[in-house]
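To start, the structure under review is shown below, and the notes come after it.
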Amino acid sequence: VPLYINGTTPSFLDVRNFTLAEGEMFTDRDIRNASKVCVLGQTLVRELFSGESPMGKEVRVRNVSFRVVGVLRGKGANMMGMDQDDIVLAPWTTIKYRVAGSSLTNVNQSSTSAGSGSGSSTASSVNSLNNLYPNAQLNLYPLPSASQAANTPLPVRFANVDHILVSAQSAEEIPLAMRQITWLLRERHRIHPHEAEDFNIHDMTEQTKALASTSALMTNLLLSVALISLIVGG
């Protein structure tokens, strides 16, 4: 089982400073089509293919076959000691809709749109697109009755993502980038000025400083123990 299974976009390589050793990264078209392609890290190549080239071969992630289109260069362990090469990169739409299986819901389209608030299964409440697009009255196909639409609800795909990775051009521009991202997300989420945010933004430099302070504390403790041992031994 890979340590990391990331559904992402091609810009992941630039944000996380990954480079390709072989092949190429999947494209935006693969994301739109939810293509079953992936890029592997060096650890998986070594363990699954014994060092041979995996290009064009298939790997299975939770019983879903992926065709290998690229191989990442080795990065080694991160600051937490986790192997960064034990990773699978694939289009986020593929991971979300095919692997995680979170694309389909039992929600009818009419229940997610503004319209009738009484909850009655009338024709106007089922055909809620009339409220959104009143001028688009194209009777190309017969409209389903209320009972037909209620018995066969259409699955809805929500294009929500779990988290977004962003890289600033320099460390000095991180505060400005965080303010701009906060403003953009509040606008996209339609959050009023007096309302609380429904998202969290974390700065990796803060985590780095926290880890550095923890490492310095552990170093000082070890030095103190070693000094006491030397004194006792003397």
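If N is the number of residues in the range 38-79, what value comes out of its Cα radius of gyration divided by 2.2 N^0.38 Å?
Values: Rg = 10.7 Å, N = 42, 2.2 N^0.38 = 9.1 Å.
So the Cα radius of gyration is 1.18 times the expected 2.2 N^0.38 Å.
Just to be sure I understand the model, the point goes 7 Å from the Cα along the line to the Cβ. What's the resulting Leu3 to Asp203 distance in nm?
Computed distance between label sites Leu3 and Asp203 equals 2.8 nm.
With Cβ to Cβ distances under 15 Å as the rule, what net charge do the other residues near Thr19 carry (K, R +1; D, E -1)? Intermediate results must be reported in sequence, preceding the final value.
Values: positive: Arg16, Arg73, Lys75; negative: Asp14, Glu22, Glu24, Asp85.
Within the 15 Å Cβ shell, the charges total -1.
Of all GluC sites (Glu not before Pro) in the range 1-67, which ones are in loop regions per DSSP and have a Cβ with at most 14 other Cβ atoms within 10 Å? Please list the in-between numbers first.
Values: sites: Glu22, Glu24, Glu47, Glu52, Glu58; in loops: Glu24, Glu52.
Hits after loop and neighbour filter: Glu24, Glu52.
Can you list which of the trypsin sites (Lys or Arg not before Pro) found in the range 171-234 are DSSP loop residues with at most 14 other C-beta atoms within 10 Å?
Numbers: sites: Arg179, Arg186, Arg188, Arg190, Lys209; in loops: Arg190.
Taking the range 171-234 and a limit of 14 other Cβ atoms within 10 Å, the loop trypsin sites (Lys or Arg not before Pro) found are Arg190.
Heavy-atom accessible area per residue, the range 30-99, 1.4 Å probe: how many Å²?
50 Å²
May I ask you to give the average projected area over all directions of the convex hull of the Cα atoms of the range 2-85, in nm² rounded to one decimal?
Details: hull surface 22.0 nm².
Averaged projected hull area, Cα only: 5.5 nm².
The values are calculated or read from the model by the stated rules, or taken from the named source; none is laboratory data. Every value quoted in this text rests on a predicted model; they were computed, and no experiment measured them. Because the Cβ atoms are built from the backbone with ideal geometry, glycine has one as well, and the counts that use them run over all protein chains shown. Note: areas computed on protein heavy atoms with side chains; ligands, DNA, RNA excluded. Shrake-Rupley method; radii C 1.70, N 1.55, O 1.52, S 1.80 Å.
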